[in-house]
Amino acid sequence: MLTKREEMKTYTKYYKVAGITVQVNSNYPISEKTFHPKFKLFETDGLGNDNIILNHHFYLPDTLDSSCSKKTEIYNKNQWHIFKTQDSWIYKYTPVLSEDPGHPAIGKFSEDHTVVDIYSDAISEEYYKNAQFSALTLFNTDQVLFAKILSDRKGLIIHSNGFNISGKGILLTGDSGAGKSTLSQMLKQKGFEILCDDRMFVKCFKNDFWIHGHWCHGTVPDVSSTSVPLKAIFFLEQAKNNTILKIEDKKTLSLDLFQSIVKPFLTPNGWDATFTILEEIIQQIDCYTLKFNLDGDICDKICNLMENYQS
C-alpha cells in the first residue's frame, strides 16, 4: 500500500539559463505566483540537453539524519550550515536577515548537484501558491546551486554587472564602492541591456566564453534571459578623468580576477578546473582598468572600444 507521501501528485515546471534546464517538481501545485515574476523570462517547455532535477517536499525526511551520520561539516555561518557526505551535500538554510525568505529549508544535493531534494515543513500549500519565491531552491538565492553546476561545465560566477553592448558582452567588476552601480545606471540610460546585477554567469561554448543573464541578481532587480559573447572585462576605479587602459600584466590580472569570482566548495580537482578556466579567460578576453567620473563620457568610450570587436 502506498503511503500518503507516495500518493502525492507531482507538479512540474521548467526553467532554462546558460543552456541548463532546471526541472522543478513539487508536491504542491505551482501557480503563476509561486515564483517571482522574473522567472517568466526563463520558462521553457521541457527538458534540454543539460538538465537539473529539483524536487520540493513539504515535510522533513525521517531518514535524512541517519543517512548522513558520517557527514563532515564544511561551513557554519549566518544562514548556512553545510555538510559533505560520501555521495551528497547537505545545505541547511535558516533565515537570519530581514530580507531573507521567512522559512527554514534543507537541501540534499547529489555529488554533482544535478539532483536536488529540498525539504521544508514550514511552508503551507496556500503560502507556496502565492509566495513569489526569489529562488527555485526556496533558499535566499540559487547561487549555491549554480556555483557548483557552472564549475563542472567550464564556467563560473564573477562578482560583476553584465551588459549587452549591441550584441557584445562586457563585465564591470571592482572593489565595493568602485562604481559598478553608478556606471551601470549610466549605461542603462544610454539604452544598453543589463543582463544581471552583482553576479554574472560565464560559461564556455565552443571554445568561446559567453555571459548569461539569470535570476540570481544582487540589490538591483534587473534581469535578462539574453546571452552574448564576452568581449571585455573592466576593473572599475572612480577618478577625475575618463580613461580605459588595457591590462598587460597577466600575473596581477590573475589575482584580481580570482578575487572577483564567487568561490564554491570544490574538491582539489574542481579548483584545478577553475584555475584552468581563469587562465583561458585571461588569454582570450581583453581586460581593462576603467577610470571614470560622472559626466557620462565614459559610456561613449566603452561603445567606441566595443566597435572594434567582432560580434
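Here are the numbers for this structure:
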read-out: Dimensionless Rg over Rh [segment 148-249; C-alpha; Kirkwood]; value: 0.96
read-out: Prolate/oblate/rounded call for segment 2-160, Cα gyration tensor, a/c under 1.5 rounded; value: rounded
read-out: Diffusion coefficient, µm² s⁻¹, Stokes-Einstein with Kirkwood Rh over alpha-carbon pairs of the chain at 37 °C and 0.692 mPa s; value: 158
read-out: 30 Å Cα-Cα threshold exceeded, pairs from Lys33/Lys263; Lys250/Lys291; Lys38/Lys70; Lys92/Lys129; value: Lys33/Lys263; Lys38/Lys70
read-out: Candidate lysines - alpha carbon under 16 Å from Lys190, same-chain residues fewer than 8 apart omitted; value: Lys168, Lys180, Lys301
read-out: Mean residue ellipticity (222 nm) of the chain, computed from DSSP H runs ≥ 4 via -39,500 (n - 2.57), nearest 500; value: -6000 deg cm²/dmol
read-out: GNM result for the chain, Cα springs below 10 Å: residue of Lys206, Lys168, Lys108 fluctuating most strongly; value: Lys206
read-out: Accessible-area value, Tyr127, 1.4 Å probe, nucleic acids and ligands omitted, Å²; value: 100
read-out: Quotient of Cα Rg and 2.2 N^0.38 Å for segment 236-311, N being how many residues it contains; value: 1.35
read-out: Ratio of the Cα radius of gyration of segment 93-204 to 2.2 N^0.38 Å, where N counts its residues; value: 1.29
read-out: Accessible surface, 1.4 Å probe, highest first, among residues Asp152, Asp117; value: Asp152, Asp117
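The values are calculated or read from the model by the stated rules, or taken from the named source; none is laboratory data. Model, not experiment: these values are computed from the prediction. When the accessible area is computed, the model is the full protein with side chains, heavy atoms only, and any ligands, DNA or RNA have been set aside. Shrake-Rupley method; radii C 1.70, N 1.55, O 1.52, S 1.80 Å.
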